[in-house]
Structure formats: structure tokens, C-alpha cells
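K.L.:
Below is a structure I'd like to ask you about.
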Amino acid sequence: MSPATTGTFLLTVYTLFSKVHSDRNVYPSAGVLFVHVLEREYFKGEFPPYPKPGEVSNDPITFNTNLMGYPDRPGWLRYIQRTPYSDGVLYGSPTAENVGKPTIIEITAYNRRTFETARHNLIINIMSAEEFPLPYQAEFFIKNMNVEEMLASEVLGDFLGAVKNVWQPERLNAINITSALDRGGRVPLPINDMKEGVYVMVGADVAFSSCLREVENPQNQLRCSQEMEPVITCDKKFRTHFHIDWCKISLVDKTKQVSTYQEVVRGEGILPDGGEYKPPSDSLKSRDYYTDFLVTLAVPSAVALVLFLILAYIMCCRREGVIQLVHHSSIQKSTKELRDMSKNREIAWPLSTLPVFHPVTGEVIPPTHTDNYDSTNMPLMQAQQNLPHQTQIPQPQTTGDFRLTTFQRFEVNGIPEERKLTEAMSL
């Protein structure tokens with residue numbers, strides 16, 4: 001039995017055995033892909049009303065996962081669930097730092113129809129791998145897959161089988177799976193069944209095959225720079241189920257990696273050793289900040305007061321247009337007096353309002369208004385018309401004819417007045 005089959009068998013045994021209890025224990029290896037499926041069917045029996053045997057319920061269920069005592073999961077662990085009617089998946093690649101430390105993941109299931117919740121714990125016991133990490137690692141980008149589709153055991157097994165036929169290693173493990181969206185990819189359009197794409201990293205114990213190294217030759221590199229598909233002889237072994245973008249393949253040989261650690265050589269730019277840090281003693285003298293407080297408030301207040309006084313002097317004492325304001329006030333007072341006088345007519349009448357003599361008879365014609373007559377609304381001039389005081393006087397001419405002169409009395413502001421209007425020549 002191969003190690004991969006043994007690991008799968010152990011994982012299945014622990015999953016089935018722990019269904020009776022509220023906690024589950026799993027034993028992944030460091031540096032090897034870990035996948036745990038949160039099955040909706042398992043949590044349906046936790047929500048009332050409890051289904052009877054043989055009864056099928058299809059309530060929408062979502063999951064929330066976090067590290068016990070923390071709001072989120074560990075950095076190496078991811079979670080995905082497309083819809084409330086699909087299973088959730090926890091996946092990731094455990095690191096060597098967590099070996100021997102149990103990681104408790106709290107899983108909370110929510111029934112979106114009844115709003116009931118159920119909580120279980122997943123205990124992840126990370127074990128050390130025999131060879132960690134594997135010296136040769138290759139990362140493939142599969143264009144026609146989503147991450148949850150690639151995490152299915154059947155699909156992942158088919159892909160590892162195709163890689164094994166091309167690579168021919170003794171040990172081959174899936175190291176990590178990452179969605180293209182986590183690498184900065186764009187969400188595909190919902191047409192033609194387009195997929196997000198997924199990166200799959202695998203590791204082996206033997207060097208890369210010649211087929212995998214074909215992407216590194218200059219001809220294929222040129223085709224990749226021109227956004228053309230490179231010519232790979234072993235692509236037909238993947239083409240039936242997996243569309244691989246060979247321009248994005250990454251080959252890592254850890255046996256040839258040079259350590260980046262460099263010994264520090266003291267010289268220019270490095271401060272000399274100052275010895276052990278000595279904090280200040282506790283017997284420090286207290287400082288009085290009362291004077292500083294007064295200075296901080298007094299100086300800005302004094303400056304603000306001086307500016308206020310200068311502005312008040314300019315606005316009130318040096319203001320232009322004071323004479324104009326006084327003149328305007330006097331005009332208002334005079335206007336008010338005139339309006340009051342127009343209502344009181346007990347003052348002496350002007351000469352134009354005194355009695356006048358008739359031009360023909362010589363009789364005195366009294367004024368047509370009384371003392372209390374209100375003439376404020378009378379028009380200045382009245383239209384010419386045949387008034388009762390209109391007089392026509394014939395005048396002799398040198399030739400013996402007569403010239404007719406017409407006089408008409410006009411009233412100006414209610415006051416009668418005689419004026420000569422027109423002269424007509426008699427025939």
C-alpha cells in the first residue's frame with residue numbers, strides 16, 4: 001500500500017469514527033496538501049425539526065470557520081463554499097512550524113431557513129513528513145478548472161496521475177492549490193462556461209523530465225512573449241481533462257538554490273556596539289508644567305486681544321461714509337416732516353389760490369376747494385374739457401372782423417387758474 005493510499009485510508013477512518021462525537025481529529029502532514037470537506041448532510045441532523053429516517057431535507061446551510069480563540073483561520077488554511085446548497089471545503093498546506101501543535105478549528109453551521117446553528121470542532125494534528133520539502137517542485141496553471149472542482153479527490157487524483165506519467169517520479173505529492181483570484185486574476189464572465197483557473201503545485205523526488213523542460217527553450221519562450229501557445233510534446237496527456245497554460249508553469253529546483261544568508265562584516269554604515277541598554281532610573285525629578293501652561297495660553301490670548309482691538313478701531317472709529325450716513329438721516333427726517341405737513345392744510349395758502357376776477361364781468365370767483373380738501377391724490381394737470389368757467393371773448397380786428405379768443409380755467413392741485421389756450425381767426 002502506497003503512502004498516499006495509507007494517508008487517505010487513515011483520514012477516512014478518523015472521519016467516520018469521529019462522526020459519533022462533536023470533535024473530529026485529522027492528521028495531515030507538513031508540506032502536503034490538506035483537504036477537508038464540510039458535508040451538509042452531516043449537519044442536517046443537528047437542526048430541529050430532526051428529519052426522520054428516509055426523509056430528505058434541502059435547507060440552505062452555510063459555514064463559518066475560525067481558529068479557536070481567534071476571529072480567523074490560520075494563515076495556511078483556506079475555506080471556500082460557492083452556494084448554501086453546496087459543501088464547504090477547508091484546504092491548505094500545513095507548515096513545519098505547526099508540527100506537533102494541535103490546531104483547533106471551530107466550525108459553525110447556519111441553517112438559513114430556520115436560523116438554527118450548530119458548532120463542532122476540527123482538531124488538526126500536523127505530523128512531520130518523511131522528506132520535507134520535496135527537492136523538485138512544479139506549479140501548473142489549469143485554465144478550465146475552479147478551485148472547488150480541483151479539490152475533489154477524483155479530479156485531483158486524475159491530475160496527479162497525468163503528472164506522474166510525464167515526470168516518472170518515485171514519490172509525488174500535491175503541495176498546494178491556489179485559486180487564480182488569490183493571485184490577482186479577474187473574475188471570468190458568465191459566458192461559455194468560463195472558469196477562474198487554479199494553480200496546482202506538486203513535488204517529486206526526481207529531477208524534471210525533458211517534457212517539462214521544453215517550455216524553457218528559446219523557441220517556446222519567444223512564443224510565450226508573443227502570447228502564443230508553446231509547443232509541448234506531452235501536452236496531449238493533459239489535454240483530455242486539463243487545459244494547462246504552459247507559459248505560466250514554474251519549475252523550482254531546491255537543490256540548486258543558494259542560501260541568501262550573508263555574514264555581517266562590520267565597517268562603514270554599521271553602528272558600533274553600544275553595550276547593553278540601560279533604561280532611566282525611577283528616581284527622576286518631577287517637572288512643573290504650570291508656567292508652560294500659562295505661557296501657552298497667555299501669549300495667543302494676548303495676540304488675539306490686540307488684533308481684536310485694532311479691528312474694532314478700524315471698523316468703528318475710522319469708518320468711512322459717516323457724513324453720508326448723517327446726510328441720509330437728515331433726508332429721512334425731512335421726508336417725514338413733508339409727509340406730515342401734506343396731511344395738515346391749516347397753513348397759509350399760496351397766492352395762486354387767492355380769489356380771482358372774472359375777465360368779462362369782473363366778478364370775484366371764490367376758490368373751488370374748502371380748507372379741509374385733500375388734494376394729495378389730485379393729478380398735476382387735468383385734461384382740457386368744456387368746463388363751466390370756460391369763456392370765449394370776441395376781439396376786434398383791424399379789418400373789421402372779429403377774432404375769438406378762448407380762455408379756460410385750469411385747476412392745478414385743486415386750485416383754479418385762468419390761462420389763454422388758443423386763438424382762432426374768424427372768417
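K.L.:
Which whole-Hz ³J(HN,Hα) couplings does the range 94-100 yield from phi under the Karplus relation 6.51 cos²θ - 1.76 cosθ + 1.60, θ = phi - 60°, glycine and proline marked x?
P.N.:
x, 9, 5, 5, 9, 5, x
K.L.:
Read phi for every residue in the range 326-340 and hand back ³J(HN,Hα) as whole Hz from Karplus 6.51 cos²θ - 1.76 cosθ + 1.60, θ = phi - 60°, with x for Gly and Pro.
P.N.:
5, 5, 4, 5, 5, 5, 4, 5, 5, 4, 5, 5, 5, 5, 5
K.L.:
Quick one: if you stick a label point 7 Å off each Cα along the C-beta vector at LYS336 and TYR277, how many nm between them?
P.N.:
That separation, rounded to one decimal, is 8.2 nm.
K.L.:
Find out how many positive minus negative residues lie around THR114, taking Lys and Arg as positive, Asp and Glu as negative, among other residues whose Cβ is under 12 Å from that of THR114.
P.N.:
0
K.L.:
Continuing with the same structure: In Å³ and rounded to a whole number, note down the convex hull volume per residue for the Cα atoms of the range 136-253.
P.N.:
Numbers: hull volume 13.4 nm³, N = 118.
Considering the Cα atoms of the range 136-253, their hull volume per residue is 113 Å³.
K.L.:
A further question on this structure: Tell me, rounded to the nearest percent, the portion of alpha carbon pairs in the range 24-126 spaced more than 16 Å apart.
P.N.:
When every Cα pair of the range 24-126 is considered, 58 percent fall beyond 16 Å.
K.L.:
Could you tally the net charge around GLU214, taking each other residue with its Cβ under 14 Å from the Cβ of GLU214, Lys/Arg +1 and Asp/Glu -1?
P.N.:
Spelling it out: positives minus negatives among the neighbours equals +1.
K.L.:
Quick one: which of 193-206, 151-164, 298-311 comes out on top by average Cβ neighbours within 10 Å, and what's the full order, highest first?
P.N.:
Order by mean packing, descending: 193-206, 151-164, 298-311.
K.L.:
Kindly flag which residue pairs out of LYS195/LYS248; LYS101/LYS164; LYS101/LYS254; LYS195/LYS237 have an alpha-carbon separation exceeding 24 Å in this structure.
P.N.:
LYS101/LYS164; LYS101/LYS254
K.L.:
Related question: Where does the charge balance sit around ARG186 when Lys and Arg score +1, Asp and Glu -1, over other residues with C-beta under 14 Å from its C-beta?
P.N.:
On the way: positive: LYS143, ARG183, LYS195; negative: ASP182, GLU196.
Counting the neighbours of ARG186, the net charge comes to +1.
K.L.:
Describe numerically, in nm with one decimal, the distance between label points set 7 Å from Cα along Cα→Cβ at VAL303 and at ASP59.
P.N.:
Between VAL303 and ASP59, the simple spin-label model gives 7.0 nm.
K.L.:
Order 33-42, 115-124 from most to least packed using the mean count of other Cβ atoms within 10 Å.
P.N.:
Taking the mean over residues of other Cβ atoms within 10 Å, the ranking is 33-42, 115-124.
K.L.:
Right, next: So for the range 136-253, averaging the separation of alpha carbon pairs under 8 Å that are six or more residues apart and normalising by length, what relative contact order in percent results?
P.N.:
Relative CO of the range 136-253 lands at 41 percent.
Each value in this text was obtained by applying a stated rule to the coordinates, not by laboratory testing. Quick caveat, the model's predicted, so the values are computed rather than measured. Cβ atoms come from the backbone with ideal geometry, glycine included; neighbour counts cover every protein chain shown.
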